[in-house]
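Worksheet for the structure shown next.
The values are calculated or read from the model by the stated rules, or taken from the named source; none is laboratory data. All of these numbers come straight from a predicted model, not from anything done at the bench. Note that we place each Cβ from the backbone using ideal geometry, even for glycine, and neighbour counts take in every protein chain shown.
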Amino acid sequence: MKVVIFAGGVGTRLWPLSRKHTPKQFEKIIGERSTLQLAYDRVSPIFKPEDVFISSGDRYRDILFSQLPEIPRENFILEPEMRDVGAAVGLVASIFQKISPSEPFIILWSDHLVKNEALFRSILTAAGKVLTEEENKIVFIGQRSRFASQNLGWIEFGEKLKNINGIDLFEFKSLHYRPEIEKAEIFHNSASHAWNPGYFGTTPNFLMSLYKKHAPDMHEALLRIQEAWGTDRYEHVLKEVFPTLEKVSFDNLILEKIEGTDGFVIGADLGWSDIGAWEALKEALSEREDENVTRGKVMLESSTDSLVFNYTDQMVVGIDLNDYLIINTEDVVLICPKESVPKIKKLVESLSGTEHESLT
């Protein structure tokens with residue numbers, strides 16, 4: 001079995017730490033390892049370096065090689081231009097189909113936190129076992145919900161089918177992407193729904209068959225790249241063909257169109273969090289909602305439920321803060337209520353083409 005860690009996003013919701021030239025997945029957000037390195041650390045006990053692949057942009061080639069020297073250089077699948085996740089997953093699937101068409105592989109993401117790592121690895125192993133027996137399936141990995149999130153996808157599952165070494169496997173019913181709050185409340189209170197972290201396993205042949213069925217034009221283009229993989233023509237063909245692929249999310253392109261009979265679900269409490277935004281990071285790192293989360297030289301007085309990350313040698317002092325974010329970097333200080341995080345992305349976009357574009 002192979003595993004591919006996707007590490008191509010820009011991460012504007014974690015600005016000003018995350019920038020175009022150094023996106024969030026390469027930064028030390030938790031501890032002294034980047035989130036990309038932490039993602040590799042989680043799987044390295046059960047995957048050999050030669051079975052770990054990284055999907056990212058060619059512009060990050062040097063930082064990828066420096067952060068993950070254990071992984072063979074040929075295992076870095078680097079896009080010449082960002083074309084959204086639909087094209088990125090298709091590129092990986094097409095290459096894997098040429099390398100080992102029936103071998104299961106797992107898709108993971110580089111900007112997440114998983115606290116229960118032993119259980120996580122057991123689930124990956126169980127998913128691989130299922131896919132070895134049933135190649136034409138997708139195994140979705142769900143996280144038991146902690147609250148009614150509108151910003152995450154949800155997986156609906158049915159009856160328990162079997163137990164694999166202590167891991168329960170369920171029927172797959174449907175996917176729901178970022179529902180309205182009323183539906184999110186229903187899902188959260190239901191025993192048949194879980195958050196969708198975007199983790200799943202499948203086989204290259206099956207995933208490519210879904211591209212052929214639901215995205216025939218992209219499938220045809222991917223086969224051109226696949227044919228060139230492993231030859232001296234690959235880089236030329238990739239640069240010629242990949243930028244022509246449609247910019248579309250993988251959910252919209254493929255996942256929303258699959259049948260219930262195409263998948264299974266493994267759901268558990270992985271201690272998973274999407275830490276792609278400051279308020280999500282605060283929730284993930286807090287034991288209690290009113291707890292403050294700090295990093296670096298920080299002093300807080302009479303403050304609750306705030307996150308203060310200081311990446312400089314200067315002391316940051318906060319008094320009477322409630323539900324606030326303070327991010328202090330060498331060239332930008334961000335201060336805002338947690339509820340204002342959605343405005344960060346628009347602010348960063350507004351800096352493009354101005355004298356402050358270098359800050360993006």
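Laid out as a table, the results:
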quantity: Region 2-20, subset modelled with pLDDT of 80 or more and assigned to a loop (DSSP other than H, G, I, E, B), residue nearest to the chain's Cα centre (by Cα); calculated: A7
quantity: Helices (runs of 4 or more DSSP H) wholly inside region 162-254 containing at least 3 residues that are more than 14 Å from F140 (Cβ to Cβ) and touching a residue at least 40 places away in the same chain (Cβ under 8 Å); calculated: 204-214, 216-228
quantity: Yes/no for I344 being in contact with a Phe, Trp or Tyr (Cβ under 9 Å, 6 or more places away or on another chain) and not in a helix (DSSP H, G or I); calculated: no
quantity: Filter result (surrounded by 12 or more Cβ atoms within 10 Å (Cβ to Cβ) and either over 18 Å from E279 (Cα atoms) or touching a helix residue (DSSP H, G or I) at 6+ places or on another chain (Cβ under 6 Å) (or both)) within region 318-341; calculated: D323, L325, V332, K338, V341
quantity: Subset tally (residues that are surrounded by 14 or more Cβ atoms within 10 Å (Cβ to Cβ) and among the basic types (K, R)) for region 284-317; calculated: 2
quantity: Qualifying residue in region 198-211 (condition: at pLDDT 95 or above, under 26 Å from P342 (Cα atoms), surrounded by 15 or more Cβ atoms within 10 Å (Cβ to Cβ) and not polar (S, T, N, Q)); calculated: yes
quantity: Candidates L255, L222, L281 - the one that is touching a helix residue (DSSP H, G or I) at 6+ places or on another chain (Cβ under 8 Å), closer than 22 Å to L152 by Cβ and surrounded by 18 or more Cβ atoms within 10 Å (Cβ to Cβ); calculated: L281
quantity: Filter pass, T294 being in a strand (DSSP E or B), free of Cβ contacts under 8 Å to residues at least 24 places away in the same chain, out of contact with any Asp or Glu (no Cβ under 6 Å at 6 or more places or on another chain) and not assigned by TED's automatic domain parsing to the domain that holds E32; calculated: yes
quantity: Single residue of K24, K28 found to be exposed (fewer than 15 other Cβ atoms within 10 Å of the Cβ), in contact with a Ser or Thr (Cβ under 9 Å, 6 or more places away or on another chain) and closer than 25 Å to K338 by Cβ; calculated: K28
quantity: Breaking point among (1) assigned to a helix (DSSP H, G or I); (2) among the hydrophobic types (A, V, I, L, M, F, W, C); (3) in contact (Cβ under 8 Å) with a residue 24 or more places away in the chain, for I71; calculated: (1)
quantity: Residue selected from region 258-270 under the condition assigned to a loop (DSSP other than H, G, I, E, B) and among the hydrophobic types (A, V, I, L, M, F, W, C), by the criterion surrounded by the fewest Cβ atoms within 10 Å (Cβ to Cβ); calculated: I258
quantity: Selection from region 86-135 of residues that are assigned to a loop (DSSP other than H, G, I, E, B) and either modelled with pLDDT under 95 or closer than 21 Å to R33 by Cβ (or both); calculated: S110, D111, K115, N116, E134, E135
quantity: Hits in region 233-252 (condition: among the acidic types (D, E) and either over 16 Å from the mean Cα position of the chain (by Cα) or loosely packed, with under 14 Cβ neighbours inside 10 Å (or both)); calculated: E235, E240, E246
